Protein chains: 4
Amino acid sequence: MNRRSLIDLNADLGEGFGIWTLTDDTALLSIVSTANVACGFHAGDAPTMRHVCRAAALLGVRVGAHVAYRDLAGFGRYSLAIDPSMIYDEVLYQIGALAAFTHAAGSRIRHVKPHGALYHDAARDEAIARAVVAATHDYDGGLAVMGLPGSGLQRAAVERGITFVAEGFADRAYNSDGSLVPRSARGVHEDSEVIIEQALALATGTAFRSVQGDELRLDVDSICVHGDTPGAVHHARALREALGRRGFTITSDLS
Amino acid sequence: MNRRSLIDLNADLGEGFGIWTLTDDTALLSIVSTANVACGFHAGDAPTMRHVCRAAALLGVRVGAHVAYRDLAGFGRYSLAIDPSMIYDEVLYQIGALAAFTHAAGSRIRHVKPHGALYHDAARDEAIARAVVAATHDYDGGLAVMGLPGSGLQRAAVERGITFVAEGFADRAYNSDGSLVPRSARGVHEDSEVIIEQALALATGTAFRSVQGDELRLDVDSICVHGDTPGAVHHARALREALGRRGFTITSDLS
Amino acid sequence: MNRRSLIDLNADLGEGFGIWTLTDDTALLSIVSTANVACGFHAGDAPTMRHVCRAAALLGVRVGAHVAYRDLAGFGRYSLAIDPSMIYDEVLYQIGALAAFTHAAGSRIRHVKPHGALYHDAARDEAIARAVVAATHDYDGGLAVMGLPGSGLQRAAVERGITFVAEGFADRAYNSDGSLVPRSARGVHEDSEVIIEQALALATGTAFRSVQGDELRLDVDSICVHGDTPGAVHHARALREALGRRGFTITSDLS
Amino acid sequence: MNRRSLIDLNADLGEGFGIWTLTDDTALLSIVSTANVACGFHAGDAPTMRHVCRAAALLGVRVGAHVAYRDLAGFGRYSLAIDPSMIYDEVLYQIGALAAFTHAAGSRIRHVKPHGALYHDAARDEAIARAVVAATHDYDGGLAVMGLPGSGLQRAAVERGITFVAEGFADRAYNSDGSLVPRSARGVHEDSEVIIEQALALATGTAFRSVQGDELRLDVDSICVHGDTPGAVHHARALREALGRRGFTITSDLS
């Protein structure tokens, strides 16, 4: 089977806390092949973590720990200038907490993905990237790390012998260097044709346009579907169907 | 070897948070054979959890998750009337979080002990006891649960086929029914002779006096040494030496 | 003007936290005359508190502190068995925090209303009621306390010389003793005719039926409109209009 | 009376949380003339805030809000890259929360001092300095702001017409530009003669040596006494006595 006819779809799930919900976890779990689950630091109370892990186990969706800075009020969107050693400790804490729920569900976690500010900090700061990778490795050397292709996080994972899952964003604008255009700078695509076009380019490894107008080609293993916007479920389903029509099988098992 | 010549000494450790410390973890780890480690809900930030788990692994001290209600401001000392299902979820979360640190230290957790108000609630409320036991069991059926002998927690553990580690308190006064006299009602012994006397009675399974003046005989596997008082280390060391002089070996391996 | 032709409508607002929202604060502020604003313990991050207090000041809506047990994960819905002295301290903290935002908005807080489990605990436990009232009084003896008519909170307020604002619920079923039927026991009316009927009975001080079938007559100063349900805004607006058609003026100024 | 024969001594107090204590608040309140009280974000639970504010009111010690980033686990020592508008909101929240306790104690807050990372960020980042000053001003234009002489915070305060209380550190080494040498870079004096010498230089406005060996002259209104180190009380008392012997009156009333 052609490697390129398989693609993983991932979503950030369990992003509620207590009475509050953000993501439609049940609906998205029926669409994606991989769920990155909040672990209580930026979102994710324990009942939500249990619910998502159980449902994912039933549906065969791959689960990873979506680890973040400890900041509920800021949803993990702001950098916290803690030492890499504290990042290591807090990432390890979150991995373990989530793993308890996959474990109780008869499943296991398979990867770690940093969230929000930690995602960006781990992409560009080597010490932070290494802290995230080390925590992942020390928990279980068989876990993968998910992040931006070409990022510092990828280099740190490779250096440590950890599998890296490169993800692309169908609905986010890119700079020519492969970094994401900030949301606040019109970095989010809203036209569904543009989104599907970009998803197909990412899935097939063909070129698409950066905001600077250059051709950009990214080698990704997974496409991230956003779950925290109105219409998220609708967009995700449309994307899945478009990929299906183009001959792709949605699966987290890319090996 | 006579079963009664072995006794476990346990202490509640890692009870700091961030800049704050309460227990002298390093000193106590050189005295006890079992450490119940705070998991972030009543105390226990991630760096402290890592430190205690690493040191315990080096010293061969058995580690358990000291699980609590989510209440840093109250140190887990106040009952929170959440549903048993939420207790299940939050206990599971804490077990997993701690297990990440034992795991990274090349070790593993071996038991779960409720802390503070959850300790007392699990002793007298069946639904709460079952929630704690179920979370322990669903994480790993090989884990033990530690608590008061004769408590509801013991019954729930037995019912579920989980090993129960009965603990006694050398420095706490008991009622004739085996329950603890509250700290606020002169429930804490301060005379070190009384403490050592009671420890020996607990270790040998012989009788000692309840506050009502009755003879009380408790069958315990472990004696809890308090770590959160001034002089805690001194008392713990004295107790260990007294037990040693009476022929006891301090060990968590009672099988 | 007839006292009974004036009625206050109140809603619990600001019940989001960080990225999460629950109540449509802007819409409800255009409907009600009184806003009870979450203070960070069960909900209510600082930006939300600022926003609600500013909008309320512009619209002339009375603002009160909606004080709760410290429990974001449980939305303040679970009793926490802390001492009355700690309740006093934590209520005082919340009143002050909210008052900073009314103050910065050129306005001031006018009352205190307990939320969730604290609402129910203060209604039936004298020591808790007195703690809430004392904190209110010690902050400003001119503040009112809002709660259930006939409750322990009302008695404690009267005892202390604090104004009590009795509130009724148009959409909640009552027991014959004036207590609320729990939500989980079919305690919420959904038929809008029933809701409006009950609101009019409350506003006019005439009788309506308890779930036991008895006639119940409650003397209330304010009717609470729920903001945390789908359709909340629609129901609140319909209620306001129905009261208007029956000759009522919606105002927090009942003196 | 000569302006220079008056000097304020300030300490950061109430830096415990729940069961944990850090500062010996009672002892230090008998030594200093100004207390900067933690407001719950980096430390400071409500009972501690009440205790410190009551004791300060009895002793006539000036109270200010020691405001911080929301980070108990990191004690406010790490920068959090939130927007200035969120800093404004969270500072306002903390001012109000503390003011409730001074108010209930029959006293009032008199100033605001940023803590930890916020102290340093407000010294060098104009937007952050302005956010802190604006929150202070919007709470009460009569409040002062305390910080490093010559800092961005001072400029922002002056710009807004807010009184600035310049503080110096007797036990911290300075760079020639007036900034503090980090603690981690041998920035803390331990020799009590050096400490007293530097305090006298600060109190009299005479020169002392920076770590680079230059003469440094700082115009300060207050000298900060650290309360979070072993021996803090002893050092503070010695400093107070040395200033007394040199003819200084310790007072927060410098006008």
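The values are calculated or read from the model by the stated rules, or taken from the named source; none is laboratory data. The model shown is predicted, which means the values in this text are computed figures rather than measured ones. Backbone-built Cβ (ideal geometry, glycine too); neighbour counts: all protein chains shown. Just the protein is used for accessible areas: all its heavy atoms, side chains included, with ligands, DNA and RNA removed. Shrake-Rupley method; radii C 1.70, N 1.55, O 1.52, S 1.80 Å.
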Using the crude model of +1 on Lys and Arg Cβ and -1 on Asp and Glu Cβ, and no other charge, please compute the dipole size for chain C relative to its Cα centre, in debye to 20. 520 debye
For a quick check: with amide H placed at 1.01 Å from N, whose amide H comes under 5 Å from residue D:251's, ignoring anything fewer than 5 positions away on the same chain? D:7, D:8, D:9
Hey, quick one: spin label on residue C:190, modelled 7 Å out along Cα-Cβ, who in segment A:15-48 has an amide N within reach, i.e. under 19 Å? none
Scan around residue D:146 for amide H atoms under 5 Å from its own, H built in the peptide plane at 1.01 Å from N, and keep only partners 5 or more places away or cross-chain. D:112, D:113, D:165
Looking at the square roots a ≥ b ≥ c of the eigenvalues of the Cα gyration tensor of segment C:157-207, which shape do they give, rounded for a/c under 1.5, prolate if a/b is larger than b/c, or oblate? oblate
About its Cα centre, the protein assembly as shown carries a charge dipole, from +1 on Lys and Arg Cβ atoms and -1 on Asp and Glu Cβ atoms, whose size in debye to the nearest 20 is 0 debye
Along segment B:192-201, Karplus-curve 3J(HN,Hα) (6.51, -1.76, 1.60; θ = phi - 60°) to the nearest Hz, with x for Gly and Pro, reads 6, 5, 4, 4, 5, 4, 5, 4, 5, 4
Residue-wise, which Karplus ³J(HN,Hα) couplings in Hz belong to segment A:94-110, taking 6.51 cos²θ - 1.76 cosθ + 1.60, θ = phi - 60°, and x for glycine or proline? 5, 4, x, 4, 5, 4, 4, 7, 5, 4, 5, 8, x, 10, 7, 7, 10
Residue-by-residue Karplus 3J(HN,Hα) for segment D:169-183, coefficients 6.51, -1.76, 1.60, Hz, glycine and proline x: 10, 6, 10, 10, 7, 10, 7, 5, 8, x, 7, 7, 6, x, 3
Residues of segment B:114-157 with accessible area at least 30 Å² lower in the all-protein-chain context than alone (1.4 Å probe)? B:138, B:139
Quick check: from the Cα gyration tensor, does segment A:141-246 come out rounded (a/c under 1.5), prolate or oblate? prolate
Indicate the gyration tensor shape class of chain B (rounded, prolate or oblate), computed on the Cα atoms with a ≥ b ≥ c the square roots of the eigenvalues: a/c under 1.5 is rounded; otherwise a/b larger than b/c is prolate and the rest oblate. rounded
5 Å is the cut-off here: which amide hydrogens, built 1.01 Å from N in the peptide plane, fall below it relative to residue A:63, excluding neighbours closer than 5 in sequence? A:35, A:110
Accessible area per residue, Å², segment C:129-255 with all protein chains present, probe 1.4 Å: 46 Å²
Could you report the buried accessible area between A and B, both sides summed, computed with a 1.4 Å probe and given in Å² to the nearest 100? 1900 Å²
What's the Kirkwood radius of the protein assembly as shown in Å, using all Cα pairs? 30.9 Å
Could you pull out the longest piece of chain C with no exposed loop trypsin sites (Lys or Arg not before Pro) in it, calling a site exposed if DSSP puts it outside H, G, I, E, B and it has at most 15 other Cβ atoms within 10 Å? C:1-107
In Å², and per residue, what accessible area does segment C:1-118 have when probed at 1.4 Å with the other protein chains present? 27 Å²
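Restricting attention to segment D:132-192, which GluC sites (Glu not before Pro) occupy a DSSP loop and are surrounded by at most 11 other Cβ atoms within 10 Å?
D:190
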Which percent of the accessible heavy-atom area of chain A goes to carbon and sulfur, probe 1.4 angstrom? 48 percent
Using only the alpha-carbon atoms of segment B:75-143, report the extent along each of the three principal axes, biggest first, to the nearest angstrom. 36, 25, 17
Tell me, what does the Kirkwood hydrodynamic radius of segment C:38-154 come to in angstroms if you use every pair of distinct C-alpha atoms? 14.0 Å
Which residues belonging to segment D:62-84 lose at least 10 Å² of 1.4 Å-probe accessible area when the assembly is complete, relative to their chain isolated? D:70, D:71, D:72, D:73, D:75, D:77, D:78, D:79, D:80, D:81, D:82, D:83
